[in-house]
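Enquirer: Structure in structure tokens, see below.
Read-outs throughout are calculated quantities, based only on the coordinates presented, and are distinct from any laboratory measurement. All values reported here derive from a predicted model rather than from experimental measurement. Backbone-built Cβ (ideal geometry, glycine too); neighbour counts: all protein chains shown.
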Amino acid sequence: MGVGTGSSIVHALKYGGWIRVAPAMAERMSRLAWPPDVVRERAAIVPVPLSKARFRERGFNQSAVLATHLSKLWRIPVFTDTLIRQASTQSQTVLTPGERLSNVAGAFSVAQSALQEVRGEHIVLLDDVITTGSTLGACAKALFAAGARTISYMTFGRAPSSGDRLIQ
């Protein structure tokens, strides 16, 4: 994410381990206006998983922490063990958009034990930040392959793209 309060908050959560900020982030995310049919249909929140190495390094998955708080506000379950990160991938922060796409291609699958819970459902896929959408796209592909009917994406922030103009 670029310069600003949102990026500072995500950075504090993700890299500083400041999980106390997550409830306020989730509360802010819960205020996003969704079409009424999405509100009726959304069955669960699925956070983007971390690699085992990154999880060991941080001690938590920031997307799962956000999802847990958001699920309480929306009163729908969070499925934390649904998506599996098949392989450790290089940090997306240092890659070009094309490299990001190939970096996460095939990196995610749905756990056998979770196939029944996603089949035919409207899933809200949650990550902390979106840059190019490569990670969310790869996760959605795995969820669709497992039979999910609809996927909605949700993130706290969006990293600026090369075409964005910063207003100062």
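Enquirer: Each label point is 7 Å from the Cα along the Cα-to-Cβ direction; what then is the distance between the points at T5 and A111, in nm?
Expert: So the two model labels end up 3.7 nm from each other.
Enquirer: As a footprinting exposure proxy, order L126, L32, L66, L50 by other Cβ within 10 Å, with the fewest listed first.
Expert: L32, L50, L126, L66
Enquirer: Just subtract the alpha-carbon distance of R28 and Y153 from 0.36 nm times their residue separation and send over the number in nm, one decimal.
Expert: Working: separation 125, 0.36 × 125 = 45.00 nm, distance 1.55 nm.
Going from the current span to full extension adds 43.5 nm.
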